[in-house]
Amino acid sequence: MVQAPREHLAKLLDDGESPGAFSAQLLVPADSLHLEVEGVGRIRLPVRAPQARKLCDVARPARFGVGEQTLTDPSVRDTWEIPPDLVTITGPRWAAALEGVLDEVRDQLGLPLSSRLEAELHAMLVYGPGQFFLPHQDSEKDDTMIGTLAVTLPSSHTGGQLIVEHGGESVAYRSSKDSLSFVAFYADCRHEITPVKSGYRVTLTFNLLAPADRAGQAADQPAAELARCLTGHFTTRASKRYGTGDLDPPRRLVYLLDYEYTERGLSWNRLKGSDTQRAALLRAAADQAGCEAVLALAEVKETWDCYPSEDQWDDYGDEDEDEDDYGDDPDPDDYGDDPDPDGYELTDLIDSDISLGWWTSPSGKGGEPISLHVPDSEVCATTPSVELKPYQSEYEGYMGNYGNTMDRWYRRAAVVVWPRERAFAARAEASPSWALGELRARTHAGDLTGARAAAQSLAPFWDSTARAKPPPLESALDVATSLGEPSAAALLLRPFRIESLAPEHATAVAALAARYGEPWTSTVLDGWLGSRQSWAYRGDADRLGWIQSLPLLCDALRDTGEPGAAAARRLLAASWRWLSDEIRLWVSYSPAKHRAERLDLLSKPLARLLEAAAVIGETALRDAILTALREHGDNVLACLIPALRASTALPEDRQRASGLDMLARDCAERLGEIIGRPPRAEDDWSIPWPPGCDCDLCGTLREFLTSRSRRSFEWPLAKEKRRHIHTRIDTAELPVRHETRRTGSPYTLVLTKTQELFERERETRHRAVTDLTWLTENSGFAYRSPASGAGSGPASAE
């Protein structure tokens, strides 16, 4: 395959020189070429036999040269030839693809960097079944011609190999069924086409030219060539490391240097060894290409497939002739917990991960800590990390379906390059806090147009970057207000989570709301709150803690005026939607222990939400909350009673404004009803059916559970059906013992209702009495107990 520009750049910076080969092959995607032939039309790739025959119809028998003569002899050369004036090559990718091929051909053939190859179309050749070209040597058709470039179009054919020979060495090249095959070779190479056995071989032949260098360019050719690579890197869509498809063009280039440096020692004039010349060349090339370059510190991790080396196995043999050592096979466990990494042969690179933790400023003065993961498509190195000594290695032994791997870590410096017009975005991705500081400086300097454009350039990565490395919210709020442009402001604020919002941000939030309006503010706040799916089980503790801070936050927002109060109302409504969903989920959840624990966690947020509604006078929301809570079953008491207990310290007027007195009255009524229910009869073994599966098996189980008289049930069931019933009983925590009697076929599942059925009801009744006593005597809530004044207290309900 053709090298990516970054790979070509790394090769150009290699200090060593290769003698080069006499021929080279590269494969290029077929869609790089659009081809038309006069009399035939558009040539579709891969070439099919019907179209190949049409090409033969407009072709002529190919000729060849012998000395000064041009001959036609099918016993020497039997193929069809179409002259170049009948062939038109087009396509938006062709020029770039050909340029990349020519650069790679120059390098593989060992030509100097100052050489710039050109390709001149010579002919189109079609080889049908049985056709061939005997060994021959191409004549030089131009003073600048150094060789031939043969481009074989993809097709399904057999035979027709191109064999190139030079100095007693020969190489056979096969074409591809789905890619363009480029083969270049020097003009003094003898070559042949073996007979085609089936199908058609279609080739474009080019004269490979090397025009003389333009005067005055030789001195800057290395930097100029590197600059061309940089331009290609930043304008060419990157390829995925695994899978198919293209990525967007890279945002930066990270060229890994060979040596390790400290933050203090990292500067352009203190580089070591080969790093000095390479970095200087790359910096000069960056300037020519309109780019900026900085130095950075990189952390490199590579994971390799590996196996113990022969030397390590040999270490376990003993050259003395101690019979006790004979026949002892080496045991991998003998390597110990920290095996010698040099004792393993690395085979295939499985994965690599590169991150930057520090870089200098573009001016080279000073530096700053950053955090930036670098994708493989942005990295290149002249010296692979595997050729350097890692500072840490860890071996993972074979574990059945993974293992026999070696993790190796390296610290390397790097030259990081980005186009000058993308400098802000390149630095912002590494440091969101720096980005906000830069935007603030531009807005304060009056450059609103530049600041807005810079903010919009963050769009491709800001969400992920700012979430991974959150900058201070107060900075984002300040900059968003200063921008004065709704879409740019929303873009800056989108990555934040609502848990970042605190009372000290109230003034800034109100300023935003006043500048952009309530609909815009509501959209931003809803984005911070997120969907229920994005909240649940991910940072729930943070979310619950934040809801408990709502009274203070809403108080601060209210004091800023109506825009702030409107934002507070939006926050309360959205918070209740989430909390309501959580309560609805958990009141019906089994097992009961987990249900009670979770509902208890929701109690304080519920109490503080009601208090926050009172702070801003949201009586409609308060009443809606109380109404919704009344619709739940008695399980909700596990949330409501702790909520009331957590609110006893509130002043009485705040309790009433929050609706806590009404909540206490509702709870007392529920508890009184529980206490007033007649105890379960001693012969009543019915168990309420828990919601869930309603399959036929569960239908039978339901009949047994809801029966007052049936206490046991012997049920012959196959294994999978028994498993389903076991799971159903355990999940719902039913007071039923379930055992398998392993006789007969199928085995029998024996279900037995237990005394826990009665114990649970007694426990529920006792808890209700305890809670009602607390509400009546100790809560301090301003409500009248349903038992007071009636001549009986809660204790008499026992």
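The values are calculated or read from the model by the stated rules, or taken from the named source; none is laboratory data. Owing to the predicted nature of the structure, the values given are computational and were not obtained by experimental measurement. No Cβ is skipped: glycine too gets one built from the backbone with ideal geometry, and neighbour counts run over all protein chains shown. These accessible areas exclude ligands, DNA and RNA; they are computed on the full protein's heavy atoms, side chains included. Shrake-Rupley method; radii C 1.70, N 1.55, O 1.52, S 1.80 Å.
Which condition number does residue 277 fail, the rest of (1) among the polar types (S, T, N, Q); (2) assigned to a helix (DSSP H, G or I); (3) modelled with pLDDT of 90 or more being met?
Result: residue 277 passes all but (3).
Mind listing whichever residues of the range 687-696 are assigned to a loop (DSSP other than H, G, I, E, B) and open to solvent by 30 Å² or more (accessible area, probe 1.4 Å)?
688, 689, 691, 692, 693, 694, 695
Please work out which residue is modelled with the lowest pLDDT, limiting yourself to the range 252-274 and to residues that are of a type in the set (A, V, I, L, M) and part of a loop (DSSP other than H, G, I, E, B).
Of everything passing the filter in the range 252-274, 271 is modelled with the lowest pLDDT.
Which residues, counting only those in the range 697-721, are open to solvent by less than 30 Å² (accessible area, probe 1.4 Å), in contact with a strand residue (DSSP E or B) (Cβ under 8 Å, 6 or more places away or on another chain) and part of a loop (DSSP other than H, G, I, E, B)?
717
When the range 649-686 is examined, which residues are found to be surrounded by fewer than 19 Cβ atoms within 10 Å (Cβ to Cβ) and part of a loop (DSSP other than H, G, I, E, B)?
Within the range 649-686, 649, 651, 677, 678, 679, 680, 681, 682, 683, 684, 686 qualify.
Report the residue count in the range 37-52 for those that are part of a loop (DSSP other than H, G, I, E, B) and either under 41 Å from the mean Cα position of the chain (by Cα) or among the hydroxyl-bearing types (Ser, Thr, Tyr) (or both).
Of the residues in the range 37-52, 4 are part of a loop (DSSP other than H, G, I, E, B) and either under 41 Å from the mean Cα position of the chain (by Cα) or among the hydroxyl-bearing types (Ser, Thr, Tyr) (or both).
Quick one: how many residues across the range 78-87 are open to solvent by 50 Å² or more (accessible area, probe 1.4 Å) and farther than 16 Å from residue 207 by Cα?
1
Scanning for something in contact (Cβ under 8 Å) with a residue 12 or more places away in the chain, at positive phi and surrounded by fewer than 22 Cβ atoms within 10 Å (Cβ to Cβ), does the range 455-465 turn up at least one residue?
Looking through the range 455-465, none of the residues is in contact (Cβ under 8 Å) with a residue 12 or more places away in the chain, at positive phi and surrounded by fewer than 22 Cβ atoms within 10 Å (Cβ to Cβ).
Would you mind telling me which numbered condition in (1) closer than 30 Å to residue 111 by Cα; (2) surrounded by 13 or more Cβ atoms within 10 Å (Cβ to Cβ); (3) of a type outside the set (Gly, Ala, Ser); (4) out of contact with any Leu (no Cβ under 7 Å at 6 or more places or on another chain) residue 55 fails?
Answer for residue 55: the failing condition is (1).
Just one of 449, 481 is part of a helix (DSSP H, G or I), of a type in the set (Ser, Thr, Tyr) and either in contact (Cβ under 8 Å) with a residue 24 or more places away in the chain or at positive phi (or both); which is it?
Going through 449, 481 in turn, just one is part of a helix (DSSP H, G or I), of a type in the set (Ser, Thr, Tyr) and either in contact (Cβ under 8 Å) with a residue 24 or more places away in the chain or at positive phi (or both): 481.
Answer with yes or no whether residue 476 is out of contact with any Lys or Arg (no Cβ under 9 Å at 6 or more places or on another chain), under 28 Å from residue 422 (Cβ atoms), outside any loop (DSSP other than H, G, I, E, B) and of a type outside the set (Val, Ile, Thr).
It is true that residue 476 is out of contact with any Lys or Arg (no Cβ under 9 Å at 6 or more places or on another chain), under 28 Å from residue 422 (Cβ atoms), outside any loop (DSSP other than H, G, I, E, B) and of a type outside the set (Val, Ile, Thr).
Being open to solvent by 30 Å² or more (accessible area, probe 1.4 Å), β-branched (Val, Ile, Thr) and in a helix (DSSP H, G or I) is true for just one of 773, 740. Which residue is that?
Of the residues listed, the single one that is open to solvent by 30 Å² or more (accessible area, probe 1.4 Å), β-branched (Val, Ile, Thr) and in a helix (DSSP H, G or I) is 773.
Between a first residue in the range 366-379 that is over 13 Å from residue 427 (Cα atoms) and a second residue that is among the basic types (Lys, Arg) and open to solvent by less than 60 Å² (accessible area, probe 1.4 Å), which pairs have beta carbons less than 7 Å apart while being 6 or more apart in sequence or on different chains?
Here the result reads 378/252, each pair linking the range 366-379 to a residue that is among the basic types (Lys, Arg) and open to solvent by less than 60 Å² (accessible area, probe 1.4 Å).
Any residue at all in the range 728-737 that is at pLDDT 90 or above and hydroxyl-bearing (Ser, Thr, Tyr)?
Among the residues of the range 728-737, not one is at pLDDT 90 or above and hydroxyl-bearing (Ser, Thr, Tyr), which makes the answer no.
Taking the criterion of being part of a helix (DSSP H, G or I), more than 27 Å from residue 55 (Cα to Cα), touching a residue at least 60 places away in the same chain (Cβ under 8 Å) and under 48 Å from the mean Cα position of the chain (by Cα), would at least one residue in the range 88-95 satisfy it?
Checked against the condition, which is being part of a helix (DSSP H, G or I), more than 27 Å from residue 55 (Cα to Cα), touching a residue at least 60 places away in the same chain (Cβ under 8 Å) and under 48 Å from the mean Cα position of the chain (by Cα), the range 88-95 yields no hits at all.
How many of the residues making up the range 743-768 are open to solvent by 50 Å² or more (accessible area, probe 1.4 Å), closer than 23 Å to residue 708 by Cβ and β-branched (Val, Ile, Thr)?
1
Report, ordered by the first and then the second residue, all pairs with beta carbons closer than 6 Å, sequence separation of six or more or different chains, a first member in the range 34-47 that is over 16 Å from residue 180 (Cβ atoms), and a second member that is basic (Lys, Arg) and not in a strand (DSSP E or B).
From the range 34-47, the pairs are 40/54.
Hey, does the range 575-589 have a residue that's among the β-branched types (Val, Ile, Thr), in a helix (DSSP H, G or I), open to solvent by less than 10 Å² (accessible area, probe 1.4 Å) and in contact with a Phe, Trp or Tyr (Cβ under 9 Å, 6 or more places away or on another chain)?
Within the range 575-589, none of the residues are among the β-branched types (Val, Ile, Thr), in a helix (DSSP H, G or I), open to solvent by less than 10 Å² (accessible area, probe 1.4 Å) and in contact with a Phe, Trp or Tyr (Cβ under 9 Å, 6 or more places away or on another chain).
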